[in-house]
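Okay, structure first, notes after.
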Amino acid sequence: MKNPLLTAAYSPEDFRKRGHLLIDVLADHLKEKLSGGAEKTIDWKLPEAEYALWTEFLINGNESSLFSNILERTTHVHNPKCIGHQITPTAPITALTGMIGSLLNNGMAVYEMGMAPSAIERVVTEMLCKKLGYTDTSRGFLTSGGTLANLTALLSARKAKASENIWKEGSGKPLGIMVSEEAHYCIDRAARIMGFGEKGIIKIPVKADFSIDTSELEARFNTASTNGIEIFAIIGSAPCTATGSYDDLQALGKFAKKHNLWFHVDGAHGGAAIFSKKYRHTVSGISLADSVVIDGHKMMMLPAITTALLFKNGNQSYATFSQKADYLLGQSEDEDWYNLAKRTFECTKTMMSIHWYTILKIYGEGIFDEYVSQLYDMGKTFGAIIQQNPHFELATKPQCNIVCFRYVDMAMSLDTLNSLNANIRQKLLEAGEFYIVQTQIKGIHYLRTTIMNPFTTGDHLQLLLEKIQQKAKEIIKNMMTV
């Protein structure tokens, strides 16, 4: 070929050379971060400064330092002091499966564009369905994230339960869903995308532990029905994202059955508890759900972004986007499970199934038990440490690895405390040693941690509280001198 740039870009030897160098860099990165010896989790810079740096680098930067610069200027999730968002420190083997997927680039819309990953996906989703307690008639597929999976599940619910065929004829009456007021915002977003508006999102109050108040279900359902809204689904959080509180899935399942509603469980974060012998009780009742979402990139050590959407009745996984008669699983010899574009939003889909399958093949299901149990244990440990310190207050006792708390000073007003905790978080971000986030719950500003790294210890968490107290004293001192 006479095209020099294309020849260079597709050179196997150049790929081999660069790949070996990058693997060495990443392995050294892992060794440093996992040991806890790294000074910083994040090297915080203002957005405009970061933009200017990369604009300049594209023109004048040294090509040989590209990957190391990216590595240096990102959030290091493998550092045990990275306890902010719900993103897992990936199992290193998945960097290799990611490389396979990126290089082979099978689109997976139809079987011939993803033979191995399509078959592998069925193996993986059948395993997940079995862990949920579903029967052999269940089915599932993988898709790009919990937001898309939850929207797809609600479309399936509408197709199965709404009195009108919305997909074919459009909506002639107001529709609605029931969901906790603390549910993830993507549920609210999905309902609005589907045209329900605010009236169609029946938000149920929560109890003191931020789980859905099931005693309110009947009254809210009756009020909505009286107002002419056809409720077709109820959603349980396992857990809610802000506080990590699990809804009572048993009670929600019984309510759904009584009123012939679709029962969907958003287990994006905590659905992986099905693998934990110690914490499976948190998802008791999940087998009652018509559909369940579980994110692999949260509690299953997989790279973003990969999510399982699982259906108790496999017929309904085919019916969501069908424009003819619903597919019948009974015709097993013709079941079109391998042409995935018929069941997902995506017309092109990454080979995400090989991440799940590789971990299962190499380490077995037990690794998910160890991972979930370790992180949930540390959530409880952190909760106990906080309760022992009079300078801090929990939002609620941790049920998983999500812990919300705040620095308190009895002499301060709520507004002042809210401002103080927001400033503490910003100072921690700028310092960069720890990475945590924040949330607002019922007008109170909390610091929020999600312990995602199995190498995070009680010593790390104790040190975090010491750093927070130090920052609080500095901020209060500055406030008094102004």
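Among THR396, THR381, which is the only one that is crowded, with 16+ Cβ neighbours inside 10 Å, in a loop (DSSP other than H, G, I, E, B) and out of contact with any Lys or Arg (no Cβ under 6 Å at 6 or more places or on another chain)?
Working: THR381 fails: in a loop (DSSP other than H, G, I, E, B).
One residue alone meets the criteria, THR396.
Condition check for ILE235 on (1) surrounded by fewer than 23 Cβ atoms within 10 Å (Cβ to Cβ); (2) within 30 Å of ARG448 (Cα to Cα); (3) not basic (Lys, Arg): one failure, at (1). Every condition in (1) within 23 Å of the chain's Cα centre (by Cα); (2) closer than 20 Å to LEU464 by Cβ is met by TRP44 except one, and the failing one is (1). Only one of the numbered conditions (1) farther than 25 Å from HIS269 by Cβ; (2) modelled with pLDDT under 95 is not met by GLN440, and that is (1).
Here is the figure for segment 261-320: residues that are among the basic types (Lys, Arg) and either assigned to a loop (DSSP other than H, G, I, E, B) or closer than 20 Å to ALA162 by Cβ (or both) total 3.
For every residue, the table says whether it meets (1) closer than 21 Å to GLU39 by Cβ; (2) aliphatic (A, V, I, L, M).
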{"residue": "ILE70", "(1), (2)": "yes, yes"}
{"residue": "ASN79", "(1), (2)": "yes, no"}
{"residue": "THR88", "(1), (2)": "no, no"}
{"residue": "THR97", "(1), (2)": "no, no"}
{"residue": "ILE100", "(1), (2)": "no, yes"}
{"residue": "LEU103", "(1), (2)": "no, yes"}
{"residue": "GLY107", "(1), (2)": "no, no"}
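The set of residues in segment 274-297 that are crowded, with 24+ Cβ neighbours inside 10 Å and either closer than 20 Å to CYS186 by Cβ or in contact with a strand residue (DSSP E or B) (Cβ under 6 Å, 6 or more places away or on another chain) (or both) comprises VAL283, ILE286, ALA289, SER291, VAL292, VAL293, ILE294, ASP295, GLY296. All conditions in (1) more than 29 Å from GLY172 (Cα to Cα); (2) touching a His at 6+ places or on another chain (Cβ under 6 Å); (3) among the small types (Gly, Ala, Ser) hold for SER291, with the sole exception of (1).
On the basis of being over 24 Å from CYS404 (Cα atoms), outside the structural domain of ASN401 (by TED's automatic domain parsing) and not hydrophobic (A, V, I, L, M, F, W, C), does GLY236 make the cut?
Values: over 24 Å from CYS404 (Cα atoms): no; outside the structural domain of ASN401 (by TED's automatic domain parsing): yes; not hydrophobic (A, V, I, L, M, F, W, C): yes.
For GLY236, the condition - over 24 Å from CYS404 (Cα atoms), outside the structural domain of ASN401 (by TED's automatic domain parsing) and not hydrophobic (A, V, I, L, M, F, W, C) - is not met.
Among the residues of segment 114-163, the ones that are under 16 Å from SER317 (Cβ atoms) and not hydrophobic (A, V, I, L, M, F, W, C) come to 20 in all.
Could you list, in sequence order, the residues of segment 172-193 that are surrounded by 17 or more Cβ atoms within 10 Å (Cβ to Cβ) and among the basic types (Lys, Arg)?
If we filter segment 172-193 for residues that are surrounded by 17 or more Cβ atoms within 10 Å (Cβ to Cβ), which is where we start, we get 175-180, 182-184, 186-188, 190-191.
Those that are surrounded by 17 or more Cβ atoms within 10 Å (Cβ to Cβ) and among the basic types (Lys, Arg): none in segment 172-193.
Conditions (1) surrounded by fewer than 20 Cβ atoms within 10 Å (Cβ to Cβ); (2) small (Gly, Ala, Ser), marked per residue:
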{"position": "LYS199", "(1), (2)": "yes, no"}
{"position": "ILE204", "(1), (2)": "no, no"}
{"position": "PHE210", "(1), (2)": "no, no"}
{"position": "SER225", "(1), (2)": "yes, yes"}
{"position": "GLU230", "(1), (2)": "yes, no"}
{"position": "GLY244", "(1), (2)": "no, yes"}
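The residue pairs whose first member lies in segment 56-73 and is of a type in the set (D, E, K, R), whose second member is in a helix (DSSP H, G or I) and surrounded by 10 or more Cβ atoms within 10 Å (Cβ to Cβ), and whose beta carbons are closer than 8 Å, counting only pairs six or more residues apart or on different chains, are ARG73/GLU50; ARG73/LEU53. Does segment 437-448 include one or more residues that are at negative phi, of a type in the set (D, E, K, R) and crowded, with 23+ Cβ neighbours inside 10 Å? Yes, the conditions are met somewhere in segment 437-448.
Considering only segment 366-422, state which residues are hydrophobic (A, V, I, L, M, F, W, C) and under 21 Å from SER284 (Cβ atoms). Let's see the steps before the verdict.
Narrowing segment 366-422 to residues hydrophobic (A, V, I, L, M, F, W, C): 367-368, 372, 375, 378, 382, 384-386, 392, 394-395, 400, 402-405, 408, 410-412, 414, 417, 420, 422.
Of everything in segment 366-422, those that are hydrophobic (A, V, I, L, M, F, W, C) and under 21 Å from SER284 (Cβ atoms) turn out to be PHE368, VAL372, LEU375, CYS400, ILE402.
Report the residue count in segment 346-378 for those that are in contact with a Ser or Thr (Cβ under 9 Å, 6 or more places away or on another chain) and assigned to a loop (DSSP other than H, G, I, E, B). Number of matching residues: 5.
Do we have ILE402 as in contact (Cβ under 8 Å) with a residue 40 or more places away in the chain and over 20 Å from CYS82 (Cβ atoms) here?
no
Confirm whether VAL283 is within 30 Å of GLY101 (Cα to Cα), in the same structural domain as LYS207 (by TED's automatic domain parsing) and either at pLDDT below 95 or of a type outside the set (D, E, K, R) (or both).
Details: within 30 Å of GLY101 (Cα to Cα): no; in the same structural domain as LYS207 (by TED's automatic domain parsing): yes; either at pLDDT below 95 or of a type outside the set (D, E, K, R) (or both): yes.
Against the criterion (within 30 Å of GLY101 (Cα to Cα), in the same structural domain as LYS207 (by TED's automatic domain parsing) and either at pLDDT below 95 or of a type outside the set (D, E, K, R) (or both)), VAL283 does not qualify.
Of the listed requirements (1) touching a strand residue (DSSP E or B) at 6+ places or on another chain (Cβ under 8 Å); (2) under 24 Å from LEU309 (Cα atoms), ILE87 misses just one: (1).
Hey, can you tell me all the residues within segment 182-219 that are among the charged types (D, E, K, R) and closer than 17 Å to ALA268 by Cα? Outline the logic, then answer.
Filtering segment 182-219 for residues among the charged types (D, E, K, R) gives 182, 188-189, 192, 198-199, 203, 207, 209, 213, 216, 218.
Hits for segment 182-219 are GLU182, ASP188, ARG189.
Across segment 1-52, what is the total count of residues that are of a type in the set (S, T, N, Q) and either within 27 Å of HIS460 (Cα to Cα) or touching a residue at least 60 places away in the same chain (Cβ under 8 Å) (or both)?
The number of residues fulfilling the criteria is 2.
The values are calculated or read from the model by the stated rules, or taken from the named source; none is laboratory data. Fair warning: this is a prediction, and the values are worked out from it, not measured in the lab. We place every Cβ from the backbone using ideal geometry, glycine too, and count neighbours over all the protein chains shown.
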